[in-house]
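K.L.:
Got a structure for you, questions after.
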Amino acid sequence: MKTIFDKATRDDLINRIIALDENSTAQWGKMNLHQMLRHCTLWEDLPQGRLHLKQEFLGKIFGKFAWWATMRNDRPFDKNVPASPEVQVKEPVTVNVAEEKKKWISLIEAYPHLSAAHSIMHPFFGKLNRDQVGRLAYKHTDHHLRQFNA
């Protein structure tokens with residue numbers, strides 16, 4: 001299964017980010033390019049351990065099953081899956097696309113520096129170890145790049 005901790009996989013994601021430009025448009029969803037870039041840079045704080053969230057009630061009930069159903073293979077995430085409110089970008093934003101892409105790339109390049117004992121609390125899936133974080137980070141990044149045909 002693909003993981004963001006694999007250098008070749010990271011390099012592929014980075015090349016896809018580089019391919020985004022001001023003319024990139026969403027194939028689905030409500031976000032425009034600027035909102036998606038901001039969402040993805042904000043979201044990186046969760047898997048990298050800078051954003052600390054508690055597991056939601058529904059996650060406590062369904063989180064482990066949802067993990068098993070969505071994360072046991074390389075099948076992409078379904079379209080239009082809602083994000084946690086802490087990383088949603090609903091309001092119109094204008095970002096410097098080149099700078100936001102550069103920031104996102106630097107965040108992706110930081111993954112190899114996470115410790116072997118790294119873990120997080122995902123608001124729906126619950127506690128994730130480093131390997132699970134790697135799979136989630138890959139799938140999330142891939143999801144939004146596919147959303148913008150990159």
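K.L.:
In the range 97-150, which residues are part of a loop (DSSP other than H, G, I, E, B) and open to solvent by 50 Å² or more (accessible area, probe 1.4 Å)?
P.N.:
Of everything in the range 97-150, those that are part of a loop (DSSP other than H, G, I, E, B) and open to solvent by 50 Å² or more (accessible area, probe 1.4 Å) turn out to be SER115, ALA116, ALA117, PHE124, ASN149.
K.L.:
Tell me yes or no: at least one residue of the range 67-74 is under 22 Å from ASN15 (Cα atoms), among the charged types (D, E, K, R) and surrounded by 14 or more Cβ atoms within 10 Å (Cβ to Cβ).
P.N.:
Checking the range 67-74: not a single residue is under 22 Å from ASN15 (Cα atoms), among the charged types (D, E, K, R) and surrounded by 14 or more Cβ atoms within 10 Å (Cβ to Cβ).
K.L.:
Take GLU56 and decide whether it is out of contact with any strand residue (DSSP E or B) (no Cβ under 6 Å at 6 or more places or on another chain), acidic (Asp, Glu) and without any contact (Cβ under 8 Å) to a residue 60 or more places away in the chain.
P.N.:
Here the answer is no, as GLU56 does not meet what is asked.
K.L.:
Something else: Among the candidates ARG50, ARG10, single out the residue that is open to solvent by 70 Å² or more (accessible area, probe 1.4 Å) and out of contact with any Cys (no Cβ under 9 Å at 6 or more places or on another chain).
P.N.:
One residue alone meets the criteria, ARG50.
K.L.:
Also: If we scan the range 24-43, do we find a residue that is within 18 Å of GLY126 (Cα to Cα), touching a residue at least 24 places away in the same chain (Cβ under 8 Å) and either surrounded by 11 or more Cβ atoms within 10 Å (Cβ to Cβ) or not acidic (Asp, Glu) (or both)?
P.N.:
Among the residues of the range 24-43, at least one is within 18 Å of GLY126 (Cα to Cα), touching a residue at least 24 places away in the same chain (Cβ under 8 Å) and either surrounded by 11 or more Cβ atoms within 10 Å (Cβ to Cβ) or not acidic (Asp, Glu) (or both), which makes the answer yes.
K.L.:
Restricting the first residue to the range 135-150 and requiring it to be more than 17 Å from LEU42 (Cα to Cα), which pairs with a second residue that is open to solvent by 20 Å² or more (accessible area, probe 1.4 Å) and part of a helix (DSSP H, G or I) meet a Cβ separation below 6 Å and a spacing of at least six or different chains?
P.N.:
ALA150/ARG16; ALA150/ALA19
K.L.:
Next up: Given the conditions (1) free of Cβ contacts under 8 Å to residues at least 24 places away in the same chain; (2) within 14 Å of ARG38 (Cβ to Cβ), which single one is not true for PRO82?
P.N.:
Exception for PRO82: condition (2).
K.L.:
In the range 75-96, what residues are hydrophobic (A, V, I, L, M, F, W, C) and either buried (at least 16 other Cβ atoms within 10 Å of the Cβ) or under 15 Å from ASP45 (Cα atoms) (or both)?
P.N.:
PHE77, ALA83, VAL87, VAL89, VAL95
The values are calculated or read from the model by the stated rules, or taken from the named source; none is laboratory data. Only a predicted model underlies this, so the values are computations on that prediction, with no experimental measurement involved. Glycine gets a Cβ as well: all are built from the backbone with ideal geometry, and neighbour counts include every protein chain shown. We work out accessible area using only protein heavy atoms, side chains counted, and drop any ligands, DNA or RNA first. Shrake-Rupley method; radii C 1.70, N 1.55, O 1.52, S 1.80 Å.
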